[in-house]
There are 2 protein chains.
Amino acid sequence: MTVSPETRPLVFATLTDAVAALRQRGLRLSTPRRLVLEALFVADRPVSAEQISERLKLDPTSVYRNLETLERHGLVRHVHLGHGPGLYALLLHGEDEYLFCERCGAVSAVPAEALDAVRERVRERFGYEVHFAHFAIVGTCRTCSQEHQP
Amino acid sequence: MTVSPETRPLVFATLTDAVAALRQRGLRLSTPRRLVLEALFVADRPVSAEQISERLKLDPTSVYRNLETLERHGLVRHVHLGHGPGLYALLLHGEDEYLFCERCGAVSAVPAEALDAVRERVRERFGYEVHFAHFAIVGTCRTCSQEHQP
């Protein structure tokens, strides 16, 4: 079972910055770790350890461990989009939250502020403090909702 | 992988009603099926197939199949509370939606209308049609949020 890490996100914008941040924390930058980091930089949506391992032809266990290390150091977070395993994304612009279309698989990453009004409604009504960074909001996107209107 | 069934919920309020509804649909009410139904009636929160199987000393596969049948016929729905397997609950009062506290494990089942304002906010801002019956809203409940305030 994955847990939601409470590490503070690191601030970085480029691969060079990320590498520098890791080195500053005394973290060794092995070739697989660098490749995993690069794969996350080129991905346009959260990806699974398995997808990275297939793309890079690297051992899945090694990819998974590297993702865990990067997550522990605040460079990466995982999110659950409905069913399925944790998917990993860089914390480039701070912590995004997610909406997931269970019909077409579309993913919308949105900055946390964009969901503050939703959060406020839930807090007022139920007293819960909620976040959609670890577990996405699941539903149907605009296109799928329009296509399936009665 | 579980799928969100699109069966219409059946209307029933008591075990007798549920049994009658099943019989009306020509469904055989074997002893294990009746026991599973009873276990759901006494549960005060969604339960896993495994929990029911342990409580009833029934084969897990048989419990799981019976739950699937009951779900297909609109008496039961499963929900995912954060990580972990689908948990099953009766559709007694129509379809509830869920909030889940990932700190203490509390579950709040709320009627769908109670979340309409939240749904409306998400629709306005992102165009998504969202529901929290299959995947709960995850966060920390009022008590846990107050305990962990800085």
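Readers should treat all values here as calculations from the given coordinates under stated rules, not as data from a laboratory. This one's a predicted model, so the numbers in the text were calculated from it and none came from an experiment. Don't worry about glycine lacking a Cβ; one is built from the backbone with ideal geometry, like all the others, and counts go over all protein chains shown.
Taking the label point 7 Å from Cα in the Cβ direction, how far apart in nm is B:Pro60 from each other copy of itself, listed shortest first?
Computed spacing set for this position: 2.0 nm.
Only Lys, Arg, Asp and Glu count, each charged at its Cβ (+1, +1, -1, -1), so figure out the dipole size of region B:22-111 about its Cα centre, rounded to 20 debye.
Working: 12 positive and 11 negative charges, 94 e Å.
With only Lys, Arg, Asp and Glu charged at Cβ, the dipole is about 460 debye.
Can you list, shortest first in nanometers, how far A:Arg125 lies from the same residue in the other copies, with each label 7 Å from Cα toward Cβ?
1.4
Compute all pairwise cysteine Cβ distances in chain B, then list the cysteines with no distance under 4.7 Å to another cysteine.
B:Cys104, B:Cys144
What does the convex hull of the alpha-carbon atoms of chain A project to on average, in nm²?
Working: hull surface 42.0 nm².
Answer in nm², one decimal: 10.5.
What does the convex hull of the Cα atoms of the protein assembly as shown come to per residue, in Å³, rounded to a whole number? It would help to have the intermediate numbers written out before the result.
Numbers: hull volume 48.7 nm³, N = 300.
Enclosed volume per residue, from the Cα hull, is 162 Å³.
When only DSSP loop residues count, what trypsin sites (Lys or Arg not before Pro) in region A:2-83 have their Cβ near at most 15 other Cβ atoms within 10 Å? It would help to have the intermediate numbers written out before the result.
Values: sites: A:Arg23, A:Arg25, A:Arg28, A:Arg33, A:Arg34, A:Arg55, A:Lys57, A:Arg65, A:Arg72, A:Arg77; in loops: A:Arg25, A:Arg28, A:Lys57.
Qualifying residues, ordered by number: A:Arg25, A:Arg28, A:Lys57.
I want to verify a result. In a Gaussian network model of chain A, Cα cutoff 10 Å, which of these has the top mean-square fluctuation: A:Val130, A:Val47, A:Val107?
A:Val130
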